[in-house]
Amino acid sequence: MAKNLSERIADRMRNKKATVSAQNRGAFLALKGEIIQAIEDRWPVKQIWETLHDEGKVTFSYQAFRNYVNSLILAPKQRSVSKPPAEAPRTEGQVSNVKKTVPEKPRTPVSAVSPVQQPAATGFNFDAKPKKEDYI
C-alpha cells in the first residue's frame, strides 16, 4: 500500500541533510536565551559573537550572526513596542497614565507652498543670443 503525501514528506525530511544555513539558524536558536540575556546586560553584539565563536558554539560569520539578532530578537521587540496599548474603559474620576498625543497640524500640499526666493546668481550666465555690444 502506498504512503500518503504527509508520510512521504516526513520520510524525505528525515533523510535529507540539513543545509548549512539551517544548521546555523539552529545553533543560533539553541543559544537565543543566552544571547538575549547578554544583550539585556548591554554587551555589544560583536563581543557576544566573538565569545561564542571563540568557544566554538557558532561557526558562522559575524554578518550572519548580526542578521539573526536583528531578525529573531530585535525585530519582534520593535513590532511589539510599536503597537499602541489597548485602553480600558475609564469611569469618571479615573486618571490615565497614558500620554496624550498632540494632534498634528494638517499638512499643506507641496504644490501649494510657494517656492523659496533665491538671490540672483552673480557668476557666469550663458546667453544663447549674444549681444553685439559685448563684442566691441
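The values are calculated or read from the model by the stated rules, or taken from the named source; none is laboratory data. Nothing here was measured: the structure is a model prediction, and the numbers come from that model. Glycine also receives a Cβ, built like all others from the backbone with ideal geometry; neighbour counts cover every protein chain displayed.
Among residues belonging to region 9-40 that are of a type in the set (D, E, K, R) and at pLDDT 90 or above, point out the one that is nearest to E55 (Cα to Cα).
Among those residues, the one meeting the criterion is E34.
Considering only region 1-29, state which residues are farther than 27 Å from V69 by Cα, polar (S, T, N, Q) and not in a helix (DSSP H, G or I).
Hit for region 1-29 is N4, nothing else.
Could you grab the pairs with beta carbons closer than 8 Å, sequence gap of 6+ or different chains, first residue in region 53-75 and free of Cβ contacts under 8 Å to residues at least 24 places away in the same chain and surrounded by 14 or more Cβ atoms within 10 Å (Cβ to Cβ), second one in a helix (DSSP H, G or I) and among the hydroxyl-bearing types (S, T, Y)?
Short answer, once both residue conditions are applied: H53/Y62.
Can you tell which of T59, T122, T101, T51 is at pLDDT 60 or above, under 25 Å from R25 (Cβ atoms), assigned to a loop (DSSP other than H, G, I, E, B) and more than 21 Å from the chain's Cα centre (by Cα)?
Unique residue meeting the criteria: T59.
Look at region 11-52 and say how many of its residues are surrounded by 11 or more Cβ atoms within 10 Å (Cβ to Cβ) and of a type in the set (K, R).
Number satisfying all stated conditions: 3.
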